[in-house]
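Only one structure is covered here, and it is reproduced in the block below.
The values are calculated or read from the model by the stated rules, or taken from the named source; none is laboratory data. Since the structure is predicted, the reported quantities are computational estimates derived from the model, not experimental observations. Quick reminder, even Gly has a Cβ in these numbers, built from the backbone with ideal geometry, and neighbours come from all protein chains shown.
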Amino acid sequence: MSLAIDTEQLQITFVNADETTLTISLSDGRRLSLPLEWYPRLKHGTPAERNNWRVIGRGEGVHWPDLDEDLSLEGFLAGRKSGESKSSLKAWLTARGKSKHRR
């Protein structure tokens, strides 16, 4: 059995990320609160980086340019954690550390 999620009429309208929680506001008035631990790039970002986001598509996703992260409404609704591998995250953190020292 699969769970079909109809996101055609639903849009992300606002995003907020604090130290522990990612909150997604939706066009139908719902708010989803998800553990920031599920999204390592957001967890490792600064408050300014986490809150520098933009809605992509027709409200079907969110992009964080400073963190090179894209997450989907469908994934949020399904309760999906980040699919990034540990090796990919490690490489990103290493590159991030090097680029921060150059600033």
Study note, to complete from the structure: Restricted to segment 57-74 and to residues being closer than 19 Å to ARG96 by Cβ and not in a helix (DSSP H, G or I), the residue farthest from the chain's Cα centre (by Cα) is ASP68
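Name the residues in segment 11-27 that are assigned to a strand (DSSP E or B) and surrounded by 16 or more Cβ atoms within 10 Å (Cβ to Cβ), would you?
Going through segment 11-27, the residues assigned to a strand (DSSP E or B) turn out to be 12-17, 21-26.
Matches in segment 11-27: ILE12, VAL15, ALA17, LEU22, ILE24, LEU26.
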Check your understanding: Consider LEU93 against the criteria (1) within 23 Å of LEU10 (Cα to Cα); (2) in contact with a helix residue (DSSP H, G or I) (Cβ under 9 Å, 6 or more places away or on another chain): it satisfies all of them except one. Which criterion is unmet?
Key -> (1)
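Let's see how each residue does on (1) touching a strand residue (DSSP E or B) at 6+ places or on another chain (Cβ under 6 Å); (2) surrounded by 15 or more Cβ atoms within 10 Å (Cβ to Cβ):
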{"residue": "GLY29", "(1), (2)": "no, no"}
{"residue": "LEU34", "(1), (2)": "yes, yes"}
{"residue": "PRO40", "(1), (2)": "no, yes"}
{"residue": "ARG58", "(1), (2)": "no, no"}
Check your understanding: If the Cβ limit is 9 Å and pairs must be 6+ apart or interchain, which residue in segment 55-80 that is in contact (Cβ under 8 Å) with a residue 60 or more places away in the chain pairs with which residue that is in a loop (DSSP other than H, G, I, E, B) and exposed (fewer than 14 other Cβ atoms within 10 Å of the Cβ)?
Key -> LEU73/ILE5; GLU74/ILE5; GLU74/ARG80; LEU77/ILE5; ALA78/LEU3; ALA78/ILE5
Check your understanding: Looking at (1) exposed (fewer than 11 other Cβ atoms within 10 Å of the Cβ); (2) out of contact with any helix residue (DSSP H, G or I) (no Cβ under 9 Å at 6 or more places or on another chain); (3) modelled with pLDDT of 95 or more, which is the one condition that is false for GLU8?
Key -> (3)
Review point. Checking GLY79 against (1) under 27 Å from GLN9 (Cβ atoms); (2) surrounded by 12 or more Cβ atoms within 10 Å (Cβ to Cβ); (3) of a type outside the set (S, T, N, Q), which test does it fail?
Key: (2)
Review point. Where residues in segment 82-103 are among the charged types (D, E, K, R) and closer than 17 Å to GLU37 by Cα, which of them is surrounded by the fewest Cβ atoms within 10 Å (Cβ to Cβ)?
Key: LYS86
Review point. If we scan segment 35-44, do we find a residue that is in contact with a Phe, Trp or Tyr (Cβ under 8 Å, 6 or more places away or on another chain), of a type in the set (A, V, I, L, M, F, W, C) and outside any helix (DSSP H, G or I)?
Key: no
Check your understanding: Which of the residues that make up segment 45-56 are within 12 Å of the chain's Cα centre (by Cα), outside any loop (DSSP other than H, G, I, E, B) and surrounded by fewer than 17 Cβ atoms within 10 Å (Cβ to Cβ)?
Key -> ARG54, VAL55, ILE56
Practice item. Could you please tell me which pairs satisfy a Cβ distance under 7 Å, a separation of 6+ or placement on different chains, a first residue in segment 10-23 that is closer than 18 Å to LYS81 by Cβ, and a second residue that is of a type in the set (Lys, Arg)? Key: ALA17/ARG50; THR23/ARG31
